[in-house]
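Written below as structure tokens is the structure these notes are about.
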Amino acid sequence: MKIAKIEMGIVRIPLITPFKTALRTVEEVEDVIVRITSANGETGYGEAPPTKAITGETLESIQETIAGKIAPALRSMKEGEPEDFLKKIQSCCAGNSSAKAAMDIAVYDLAAREAGVPLYRYLAPRSDPQQERRQFGIPGSQSAGERREIFTDLTISVNPVPQMVEDAKIAVKRGFTEIKIKVGKEGEKDLERIRAIREAVGETVGIRVDANQGWTPQAAVKILTRAEKMGLQLSFVEQPVKAEDLEGMAYVKAHTHTMVVADESCFHPSDAQDVFAKDAADMVNIKLMKAGGLYEANKIAEIARSYGRNCMIGCMLESKIAVSAAAHFTAAQDVVTAVDLDGPSLCAEDPYIGGPRFEGAAIRMNETPGLGIIGIKEAYLSDWQELR
């Protein structure tokens, strides 16, 4: 691979409704977009959202990191294997995981395009373990997932209970069989939300709850125990306590029957190792923006596999580029069993040409090379520039 050009801009896409969690409220996607062009004319796209509350990054810091650190580091390499560029992205600066993820995704997209295969096939293990793997960081003995269709949940934002009930009913009408409820702001009043939504959607729809670090360990156990006694049938609870409180999360796991998923507690492979070693959660939620891209996400998946655990795949407020990368990762990884890739479903419009098809709960993988995205409608782009 030889990189000829690196470009960067901003994409802005309105949301159908404001996105509300225990940490923030957002009304539009406003993300950094990158495009890498190789010497042979192939291109790869990447994306990063500013999620200061989670990763500490702003729109400006992502742009500065890409323009001032990552792009110069990649341009300094005359040519190399894709893995050489991916390692350079991870080593050229500390932190800045979303900025790294944008460039990592673009390199993977470009590599898969040059190989002439969809990204999920580029990532998937080969059937012959003796052959050289295309997926970096995962032993060749694992079998390929290669799912051509995956299904995501849909997040219900924090609102007054009647509004959340109505949003949940609309989600079910759109074909979603799993919904995720944002809780964590009002303690035991969260039970009112969960119960009202369960009564509205019936018993066949899965309900996941995400506290976004909003509960104490004792409050989490009290709320979840009551939910269990009320027969609310929660699929799992995501990040019930503060990210750094693995002991508290282990307490929740040990004192309830509800599955616990670590989200903000797990950014990097070392975090996943700690979570599973301390039995603090049943699963970890892999997000490319936390991990720094697909290269590190592969390592997290392998750690989960070594413990006999599965993973969830999630996203920030990302649009189709970054979510497509996560979908391709999911299609290639049989260890990923819970999918929360609803970013494009929350957007009022789709400015991208090509890529996977997001049709309600279903995500259908493209069979064209790479991510399959071949363009972005200019009306949604601004500040487009070549990085020199």
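The values are calculated or read from the model by the stated rules, or taken from the named source; none is laboratory data. Being a predicted model, the structure only gives us computed values, none of them experimental. Note: ideal-geometry Cβ built from the backbone for every residue, glycine included; neighbour counts use all protein chains shown. SASA here: full protein model, heavy atoms, side chains in, ligands and nucleic acids out. Shrake-Rupley method; radii C 1.70, N 1.55, O 1.52, S 1.80 Å.
Please tell me if E27 is modelled with pLDDT under 95, of a type in the set (D, E) and closer than 30 Å to M164 by Cβ. For E27, the condition - modelled with pLDDT under 95, of a type in the set (D, E) and closer than 30 Å to M164 by Cβ - is met. For region 365-384, residues that are open to solvent by 70 Å² or more (accessible area, probe 1.4 Å) and either more than 18 Å from S324 (Cα to Cα) or free of Cβ contacts under 8 Å to residues at least 40 places away in the same chain (or both) total 6. If you check A220 against the conditions, is it surrounded by fewer than 23 Cβ atoms within 10 Å (Cβ to Cβ) and part of a helix (DSSP H, G or I)? Here the answer is no, as A220 does not meet what is asked.
Using the structure shown, decide if A322 is open to solvent by less than 10 Å² (accessible area, probe 1.4 Å), over 23 Å from A99 (Cα atoms) and not in a strand (DSSP E or B). In short, no.
Looking across D271, D263, one residue alone is more than 17 Å from I105 (Cα to Cα), open to solvent by 30 Å² or more (accessible area, probe 1.4 Å) and among the acidic types (D, E). It is D271. Does G314 meet the test of being under 19 Å from F176 (Cβ atoms) and either surrounded by fewer than 24 Cβ atoms within 10 Å (Cβ to Cβ) or not hydrophobic (A, V, I, L, M, F, W, C) (or both)? When the stated conditions are applied, G314 passes them.
For region 17-57, a residue qualifies if it is of a type in the set (V, I, T) and either under 21 Å from A4 (Cβ atoms) or assigned to a loop (DSSP other than H, G, I, E, B) (or both), and the qualifying residues are T21, V32, I33, V34, I36, T37, T43, T51.
Just so you know, in region 201-212 the residues that are of a type in the set (G, A, S) and surrounded by 16 or more Cβ atoms within 10 Å (Cβ to Cβ) include one that is modelled with the lowest pLDDT, and it is A211.
Can you pull out every residue in region 111-134 that is within 23 Å of I33 (Cα to Cα), more than 20 Å from the chain's Cα centre (by Cα) and either at pLDDT below 95 or of a type outside the set (G, A, S) (or both)? Result: R113, E114, V117.
For region 73-104, the candidate set comprises residues that are closer than 21 Å to Q385 by Cα and without any contact (Cβ under 8 Å) to a residue 24 or more places away in the chain; within that set, the residue that is most open to solvent (accessible area, probe 1.4 Å) is S76.
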